[in-house]
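Everything on this sheet refers to the single structure shown next.
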Number of protein chains: 2
Amino acid sequence: MRRRFIEAAGQMTQTLGVGRALGQVFTHIYFSRQPQSLDDLTQSLGISKGSASMTVRQLEQWGALRKVWIKGERKDYYEALDHFGRIIRRALLDVIGRKMESGDHVLQDAEEEMQEAAAGSADDATDWTFLRDRVAKIRAFRGRAQRLWDSSILKMLLK
Amino acid sequence: MRRRFIEAAGQMTQTLGVGRALGQVFTHIYFSRQPQSLDDLTQSLGISKGSASMTVRQLEQWGALRKVWIKGERKDYYEALDHFGRIIRRALLDVIGRKMESGDHVLQDAEEEMQEAAAGSADDATDWTFLRDRVAKIRAFRGRAQRLWDSSILKMLLK
DNA sequence: TGATACGTTCAATACAAATTGAACGTTCGC
DNA sequence: GCGAACGTTCAATTTGTATTGAACGTATCA
């Protein structure tokens with residue numbers, strides 16, 4: 001049964017674009033009563049030590065896992081948290097947010113470039129009013145999307 | 001300037017996991033005053049005819065492009081729409097929705113499997129109450145996420 | 001009807017991203 | 001200080017996915 005869940009979660013996170021290991025690692029720990037070490041992960045899931053290390057770190061940053069000390073043990077052990085709302089929120093902020101940023105920069109750059117080009121060539125064939133209008137519409141949408149995003153995030157934050 | 005936008009949009013859609021051609025095609029048509037044909041796309045963007053055909057169809061399904069007839073022309077021409085809210089909404093429903101479905105099925109299957117297994121082996125070492133509890137928490141979250149999703153979508157729909 | 005100009009499909013290919021694993025740095029016990 | 005047991009890193013590799021392009025189906029016009 002656990003195998004089924006783990007496999008399914010792996011497929012899901014893979015198609016969502018965050019790698020298969022992520023879903024597998026979280027699900028395995030989530031369905032384990034005992035905290036799990038990196039070795040447990042490599043053995044149970046058949047993934048490499050490197051992959052386990054990186055995945056666990058990312059999940060920890062998102063608040064999906066928590067490090068647990070076990071006295072007399074030198075290994076790091078992890079247990080799963082179940083604040084799914086917070087976890088997803090942070091993951092989205094991290095993954096999407098970072099991806100949006102670069103696009104944002106380019107949008108601004110291109111807009112500035114357009115301003116300059118329009119000012120310096122009042123008599124050529126380019127249809128500046130058309131371009132301006134289209135860019136303005138993108139800007140407007142970005143503003144609305146931003147507000148929607150913020151409010152959704154807020155709702156999720158409140159559980 | 002258009003080149004910059006097109007390149008940026010391509011990068012963005014690529015990292016978002018829907019392919020580079022998608023962003024490029026839409027942006028090119030969006031910044032074109034005249035409706036564009038598949039040939040225009042292959043020439044301007046340097047993509048193949050097959051890619052242009054598939055991309056355009058997907059964008060049309062999402063309501064991002066509209067076919068335009070030009071009398072005396074045998075080619076299909078497309079122009080861009082700017083209802084970004086609706087476009088994104090449909091795209092998300094399509095891309096995410098479809099990806100969620102399969103995961104949903106597996107969740108249900110695994111749950112049934114667990115019920116059966118728990119009933120048939122009351123005396124083995126498996127910790128059924130623990131597993132049940134964890135699965136229940138996933139279910140609960142799915143419900144909340146579904147409601148949040150629906151309401152967000154609704155907001156976007158309303159512009 | 002035949003020839004031409006399209007758009008579509010899908011197996012082959014190219015590309016990007018995830019995963020591996022050997023080398024490395026660090027910590028702990030002795 | 002030394003060795004062993006870890007976790008981490010990153011270049012090489014594997015894997016998954018987007019893209020290509022030749023073959024095909026279809027519509028149009030002479």
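Do we find a residue being within 12 Å of another protein chain (Cβ to nearest Cβ) and of a type in the set (Phe, Trp, Tyr) anywhere in segment A:52-70? Even if it seems obvious, please write down each step before you answer.
From segment A:52-70, those within 12 Å of another protein chain (Cβ to nearest Cβ) are none; that's our starting set.
Within segment A:52-70, none of the residues are within 12 Å of another protein chain (Cβ to nearest Cβ) and of a type in the set (Phe, Trp, Tyr).
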Which residues, counting only those in segment B:9-49, are in contact with a Leu (Cβ under 7 Å, 6 or more places away or on another chain), away from DNA strand D (no atom under 11 Å from the Cβ) and open to solvent by less than 30 Å² (accessible area, probe 1.4 Å)? B:28, B:29, B:31
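For residues that are within 18 Å of residue A:134 (Cα to Cα) and open to solvent by 30 Å² or more (accessible area, probe 1.4 Å), tally how many sit in segment B:69-79. Walk me through it before giving the result.
From segment B:69-79, those within 18 Å of residue A:134 (Cα to Cα) are B:78-79; that's our starting set.
With the extra rule that they be open to solvent by 30 Å² or more (accessible area, probe 1.4 Å), the set shrinks to B:79.
Within segment B:69-79, residues that are within 18 Å of residue A:134 (Cα to Cα) and open to solvent by 30 Å² or more (accessible area, probe 1.4 Å) number 1.
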Could you tell me which residue of segment B:80-112 is modelled with the highest pLDDT, considering only residues that are among the acidic types (Asp, Glu) and open to solvent by less than 60 Å² (accessible area, probe 1.4 Å)? B:82
On the basis of being exposed (fewer than 12 other Cβ atoms within 10 Å of the Cβ), more than 31 Å from the chain's Cα centre (by Cα) and outside the structural domain of residue A:28 (by TED's automatic domain parsing), does residue A:120 make the cut? yes
In segment B:1-51, what residues are touching a helix residue (DSSP H, G or I) at 6+ places or on another chain (Cβ under 6 Å), of a type in the set (Lys, Arg) and within 14 Å of chain A (Cβ to nearest Cβ)? B:4, B:20, B:33
Conditions (1) more than 24 Å from the chain's Cα centre (by Cα); (2) free of Cβ contacts under 8 Å to residues at least 12 places away in the same chain: number failed by residue A:99: (1)
Residue A:55 within 13 Å of DNA strand C (Cβ to nearest atom) and under 19 Å from residue A:91 (Cβ atoms): yes
For residue B:66, state whether it is within 16 Å of DNA strand C (Cβ to nearest atom) and open to solvent by 30 Å² or more (accessible area, probe 1.4 Å). yes
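State yes or no: is residue A:131 within 30 Å of residue A:156 (Cβ to Cβ) and of a type in the set (A, V, I, L, M)?
no
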Identify all residues within segment B:119-139 that are modelled with pLDDT of 80 or more and within 9 Å of another protein chain (Cβ to nearest Cβ); write none if there are none. B:130, B:131, B:134, B:135, B:137, B:138
Checking residue B:86 against (1) basic (Lys, Arg); (2) in contact with a Gly (Cβ under 9 Å, 6 or more places away or on another chain); (3) within 11 Å of DNA strand C (Cβ to nearest atom), the condition it does not meet: (3)
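The values are calculated or read from the model by the stated rules, or taken from the named source; none is laboratory data. Small disclaimer: the values here were computed from a predicted structure and weren't measured. Cβ coordinates were reconstructed from backbone atoms using ideal geometry, including for glycine residues, and neighbour counts include every protein chain displayed. Only protein heavy atoms, including side chains, enter the accessible area calculation; ligands, DNA and RNA are left aside. Shrake-Rupley method; radii C 1.70, N 1.55, O 1.52, S 1.80 Å.
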